[in-house]
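Trainee: Below you'll find the structure I mean.
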Amino acid sequence: MVREWDPLTAPSEEIDSLVNTLNAMLAIDLPDDPPWRTDSFREYLSVTMPGERRIIWIAEESPGEATDDKPGGVGILGQANILLFDTMAVLEVLVHPEARRTGVGRELLTAAVGRAHAEGYATLGVEAIGGTAAATFYEAMGFSCAYQETRMVLDLASVDWPRLGEMAGGVAAGYRIEYHPGGPPEELYESYATAKYLVHSTADLGDLSLRPSSHNADRLKASLATLHMRGMKPYIVLAISEATGEVAGLTEVVVPAQHPERADQYDTVVVPEHRGYGLGRAIKARMLFELRSAEPRLVSVQTWNSAAAEEMLKVNTELGFYPDREWREYEATIADLAASLGV
Ligand SMILES: CC(C)(COP(=O)(O)OP(=O)(O)OC[C@H]1O[C@@H](n2cnc3c(N)ncnc32)[C@H](O)[C@@H]1OP(=O)(O)O)[C@@H](O)C(=O)NCCC(=O)NCCS
């Protein structure tokens, strides 16, 4: 059975059970990824940006099953959630490998589609890992692939640090590089958001549209606060134009309390007029040095690249990132899903 579930009030046994289910999924679908911890997991699920809501369902064999410590039991069979923001609803579905192909995924999807439909949303988006059951499942459910990119991973143990040092120092005159653990300084919020806006409004950076960016200072502030509340620590390296004091380039990496061994690269942008001066390479290289000393548990960093973002792909490869998995964005019209699932 499927029921709506609130991570803030759920018993800690259910939190543990959900993390176990997530790790069982990783062991099958992404066996090289570090397992998740329960650290800040409630906050990870419950905190959203202002104006957004996340609604969660869990699947159990029978009510309260997830809190039973029955030997051999899998506890929570699966989880689905939808993040509702202004333009669309974004879905995640996860089923324990031992409970797959029994209709749990379909049942969780039906609950999520029912709610998104009732709330008046038109489109449902979801990310799936290429070559796994998820891609087949979403296609069977009527989703189509709208976008594909490659996840790339860098192992810190394999980094050529002296070479990276050259890259970090290879910046043209007229720029300085700054490191800001926790977030950029408040006096640079406006300039930082403008740099993101200038790049995202004109180019396909290869970011999935399911991950909205912070294009103004208020949204940036809210986004940093949300990350901290979810247990995700942002690290920022900036290239500053010395002539104007403005942000010429920026790179963001987040280290989540849920898996501090694997960091996530967020945005990297260099404002068009400052391109060709080695800034992209220098800020990303400097970031790796800072992470190595600030986060002793960190083993690897992951980033996502579209084939279209050639320059970024080149920089990432020079730094030592290698292609790992295809990552797909699927979309479906909610009215069509509701009809086919009999909602
Ligand atoms: C995708 C997933 C949710 C499917 O869950 P499930 O409970 O096995 O799905 P269902 O049993 O409801 O399957 C519904 C239909 O999808 C299709 N399907 C699902 N898995 C499939 C597979 N491995 N091979 C072929 N078809 C499949 C089938 O058409 C199936 O119907 P059928 O069994 O009657 O043939 C599950 O495999 C999963 O959790 N994968 C990992 C998801 C993930 O990576 N989440 C995190 C994203 S980072």
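The values are calculated or read from the model by the stated rules, or taken from the named source; none is laboratory data. Here the structure is a predicted model, which is why all the values come from computation and not from measurement. Methodologically, a virtual Cβ is constructed for each residue, glycine included, from the backbone with ideal geometry; neighbour enumeration extends over all protein chains shown.
Trainee: Identify the single condition in (1) away from the ligand (no atom under 16 Å from the Cβ); (2) crowded, with 17+ Cβ neighbours inside 10 Å that Ser12 does not satisfy, given that it satisfies every other one.
Mentor: Failed condition: (2).
Trainee: Looking only at region 24-54, how many residues end up being surrounded by 16 or more Cβ atoms within 10 Å (Cβ to Cβ) and either polar (S, T, N, Q) or in contact with a Lys or Arg (Cβ under 6 Å, 6 or more places away or on another chain) (or both)?
Mentor: Qualifying residue count for the region: 6.
Trainee: I would also like to ask the following. Among the residues of region 118-139, which ones are of a type in the set (Val, Ile, Thr) and more than 7 Å from the ligand (Cβ to nearest atom)?
Mentor: Thr123, Val126 - these are the residues of region 118-139 that are of a type in the set (Val, Ile, Thr) and more than 7 Å from the ligand (Cβ to nearest atom).
Trainee: Now, a different point. Every residue in region 78-103 that is of a type in the set (A, V, I, L, M, F, W, C) and more than 25 Å from Thr48 (Cβ to Cβ), please.
Mentor: Ala99
Trainee: Conditions first: (1) within 19 Å of Gly182 (Cα to Cα); (2) free of Cβ contacts under 8 Å to residues at least 60 places away in the same chain; (3) surrounded by 14 or more Cβ atoms within 10 Å (Cβ to Cβ); (4) not charged (D, E, K, R). Ser293 passes all but one, so which condition is the exception?
Mentor: (3)
Trainee: Only residues that are within 13 Å of Ala80 (Cα to Cα) and surrounded by fewer than 21 Cβ atoms within 10 Å (Cβ to Cβ): list them for region 112-124, please.
Mentor: Scanning region 112-124 gives Gly114, Arg115.
Trainee: Among the residues of region 140-163, write down those that are among the polar types (S, T, N, Q) and within 16 Å of the ligand (Cβ to nearest atom).
Mentor: The answer is Ser144, Gln148, Thr150.
Trainee: Quick check on region 125-147: of everything there that is within 26 Å of Ala24 (Cβ to Cβ) and either touching a Ser or Thr at 6+ places or on another chain (Cβ under 6 Å) or modelled with pLDDT under 95 (or both), which residue is surrounded by the most Cβ atoms within 10 Å (Cβ to Cβ)?
Mentor: It comes out as Gly130.
Trainee: Still on this model: Looking at Thr21, Thr87, which one is within 24 Å of Ala140 (Cβ to Cβ) and among the hydroxyl-bearing types (Ser, Thr, Tyr)?
Mentor: Within the list Thr21, Thr87, the selection yields Thr21.
Trainee: On the basis of being surrounded by fewer than 17 Cβ atoms within 10 Å (Cβ to Cβ), of a type in the set (Lys, Arg), more than 23 Å from Tyr147 (Cβ to Cβ) and at pLDDT 95 or above, does Arg286 make the cut?
Mentor: No.
Trainee: Shifting gears a bit: Can you name the residue in region 94-117 that is small (Gly, Ala, Ser) and in contact (Cβ under 8 Å) with a residue 12 or more places away in the chain and, of all such residues, is nearest to the ligand (Cβ to nearest atom)?
Mentor: Filtering region 94-117 for residues that are small (Gly, Ala, Ser) and in contact (Cβ under 8 Å) with a residue 12 or more places away in the chain, the one nearest to the ligand (Cβ to nearest atom) comes out as Gly105.
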